[in-house]
Amino acid sequence: MSKVDSPSETTARFVARMFEMPALRSLPALQREEQALQFLRANGQQLQPLLASMGLGTASDWRATADVLSREMKTYADKLLEAELARAVDRRISLAFYPVLAGGRQAPPNVREELAALCRKISAHPVARRALSGSLAAVLSDLTDKYIPPAWESRKYIHGEVTRVQRLALDSEQCSDLLRVLILLRPAAYLQIAPGPEPTRDSGFTPVPEQALQRALPGLSAQVASLPAAVVRLALRSVLPFPAADNLEATSRLAAIFTHRGRSLAPSLVVDRGADTPDKSWFNVARRNARWHGLDPRMLDELYTIAAEHGW
Amino acid sequence: MKRIADILESIVVGVILAALVHTFLEDCSILAGWTVAARRWIIWAGLGIDIFFTIEFLTRLYVALTRGEAADYIFRQRGWIDFLASVPLLVFNSLPGVLALLAGAGLATGMGSFLNVLKVIKAVRIARILRLLRVVKLFRSIRYARSPLAQRHVAAITTISVTVLVVTVLAGSLLANLGVLPGLEASFQDAQTARARAVSAPGLDAAARAQLARQTGGLDASLLVVRQAGGKVLWTRHDQSYYENHFIPGEYGYYNLNGVETFFDERPIARAAAREGIVFFVAILLSVLAYLFLYSPRFALGISDPLHVMRRGMKESGYNLEVKIPARSPEDDDVFELARLYNSVFLPLKDRESDAGEQAPALALDDVRSLVEKG
């Protein structure tokens, strides 16, 4: 006797298959969700009669169907996200930089738990969740591991800005570790923003006023009390645009750049003959749009050179 | 069905390669003086190949006709090459060659029916050059570049070049055959006619004619046999078995004057033609290889690859790779100028749009629709 699926099972199965389509499969959970929602907004009504024939909503009430599908997409993405967060916090985050920013103290054991808890809170907030997408992709990738050692080796602008201007006595490995933590914490800056009625705009990258960040800092620092407040401050300030914000720290500028890059990472992208490499292409475009995105153009120049030299 | 079509295409490619090897071997066999037994196999193989390509052409034409696409097949899909490289070769080259073999392979046998065929063979020998068009057919079957634009462009250039070469050589051979452009063959024939007239002079008895033939044979190494019309051999340079083993139809010059038959050795003409054939074959093969391995990558690098990258970048929201512009590309190159604009203007604007949330979704409507339809 064959089992007839309930509408919720049909929805879940449809969403699961959609998330596993080749165009989405290689993307992180939140980017898959973003793409799927975007697709639904653009084409959903054309699919409505077909969806209704599958038992997903009715042919007349598109809004209700879209709500059901959106909720299921979020549920499915959350399941995937949980695994990604665990991987990011447990495996990708290292606290080797901790003593440098905490006056020589070693990292307490509950730092990771606090970080994971804050990430869950971020993922539950509609605006911060969108910002988490690029951050998580950047943390899970090898971006900082790839670019910081050559920058330290060449001892040019990036190295000078971090070690001499910002006065952080970090080696390249510690700097990479610090940047990953900043990138992961960065979306917390958007926890203060109330979600708008239309989720179509990417408010995750809308600049946040500096005063709002200063007001939010004590509360957020309390949520990750084991981390030095300076780290949380650097993470929050990474959403400020360069050069508009005064004396924006080099690590915050770097965190902003790598988060932007993380947002555009496409692991399954095949580089055609006649095309430049993904990183080199991205940094070159980012150099031209540096002011638009509020990124440091000189850092982008140096990272572009590193990408070109290494064929990335 | 597709699998069967692929197998058939592979067989066609295999036979094209075999045909090219056959063309080369046929000329080599003449130059190297292979025995008649070996060359007979080559002639029969040529007939088999020409029959295969004629059947292939007729089949493709029939299929195109049933679909109402005959003109498309002949002109756009280069069916005219299929035609030129099959039917004329079968009718004017390999079939007469085999008929001549069947009519009389030796000098002394089947003479009556053989002589007419001999003339036909000489007249249509020029059709052999059409075989070289098969190089284009082979080229068409190779997937040498990922870009269909590059494939079409290089295939068109190759077809034009090879066709122009073949037609020029064909026209030159025709003119030479008609006597407009006298060559080695014409001077050979003039000399042979003079010798034939001398040994066929009227009023000589058999002994005197034999004596004259011996003297003439001493002066002209191409004179092979002088015999009376009844069949009595007055003088011969070699014994019968030598002719059977070293001459095929078409390699004799034949005269019948005043009841006296004279035969001449025309293998030097055949060798000259074979030498020319090999030179043309190598020239065409090398030009095709040059298009394939020298020009095709240049075309891909300078035209089709940049266009492909730009097309993807404009069509796909998640494809933001820049066009790789060689450091030494000319400033006035339109394609690279366009690529520079694409890199410096289009991609940054696209990046801003995607940042503003106006990016097109990576999923295609048809893919999701098929997902829904599958249930």
Whole-angstrom Cα spans of the stretch A:3-111 along principal axes, big to small: 64, 32, 25
Helix by helix through chain B, keep the DSSP H runs that span 30 Å or more along the axis on Cα and average at least -0.5 on Kyte-Doolittle, and give those back in order. B:2-32, B:36-66, B:148-177, B:267-290
Stretchable slack from A:ALA308 to A:ASN247, in nm (0.36 nm times residue separation minus alpha-carbon distance): 19.1 nm
A:SER26/B:GLU353 FRET efficiency (R0 25 Å; Cβ-Cβ; nearest 0.05): 0.65
Isotropic mean projected area of the C-alpha convex hull, the stretch A:78-175 (nm²): 7.1
With a 10 Å Cβ neighbour count serving as the proxy for reagent exposure, in which order, fewest first, do A:LYS121, A:LYS280 appear? A:LYS121, A:LYS280
Neighbour counts of other C-beta atoms within 10 Å: give me B:ASP72, A:ASP301 arranged from fewest to most. B:ASP72, A:ASP301
What spacing in nm lies between the two simple spin-label points modelled at A:SER154 and B:THR193, each 7 Å away from Cα in the Cβ direction? 8.4
Arranged by the count of other C-beta atoms within 10 angstrom, fewest first, what order do B:VAL164, B:VAL91 take? B:VAL164, B:VAL91
Using alpha carbons only, how many degrees (0 to 90, rounded to 10) separate the axis of helix A:250-264 from the longest principal axis of chain A? 30
Entries in A:LYS121/A:LYS146; A:LYS74/A:LYS146; A:LYS146/B:LYS315; A:LYS280/B:LYS350 that, when Cα-Cα distance is taken, lie over 24 Å: A:LYS121/A:LYS146; A:LYS74/A:LYS146; A:LYS146/B:LYS315
If you average 1/r over all unlike Cα pairs in chain B and invert the result, what Kirkwood radius do you get in angstrom? 25.5
Starting from the Cα of B:LYS232, draw a straight line to each of the aspartates and glutamates and keep only those under 16 Å, dropping any in the same chain fewer than 8 residues away. B:ASP205, B:GLU261
At q = 0.06, 0.12 1/Å the base-10 log of I(q)/I(0) from the Debye formula over the alpha-carbon atoms of the protein assembly as shown is -0.59, -1.21
Taking a virtual spin label 7 Å from the Cα of A:LYS121 along the C-beta vector, which residues in the stretch A:171-196 bring their backbone nitrogen under 12 Å of it? A:188-192
When the dipole is taken about the Cα centre of the stretch A:253-312, and only Lys, Arg (+1) and Asp, Glu (-1) are charged at their Cβ, what size is it in debye, to the nearest 20? 240
Loop-located trypsin sites (Lys or Arg not before Pro) in the stretch B:244-340, at most 12 other Cβ atoms within 10 Å (DSSP): B:ARG328
Can you pull the one-decimal nm distance between simple spin-label points at B:SER344 and A:ASP145, each 7 Å off the Cα toward Cβ? 3.7
Residues B:ALA156 and A:VAL100, FRET efficiency given R0 of 60 Å [Cβ-Cβ distance, rounded to 0.05]: 0.35
In a GNM of chain A with a 10 Å cut-off on Cα contacts, which of A:ARG215, A:ARG120, A:ARG291 has the highest mean-square fluctuation? A:ARG215
Pseudo-spin-label distance A:THR75 to A:ALA212, built 7 Å along Cα→Cβ, given in nm, is 3.2
I'd like to know which of B:ASN245, B:SER344, B:THR158 lies farthest towards the positive end of the charge dipole of chain B, counting +1 on Cβ of Lys and Arg and -1 on Cβ of Asp and Glu. B:ASN245
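Just so you know, all these numbers are worked out from the coordinates, no wet-lab data involved. Just so you know, these numbers come straight off a predicted model, no measurement behind them. Heads up, the Cβs are rebuilt from the backbone with ideal geometry, glycines too, and the neighbour counts pull from every protein chain shown.
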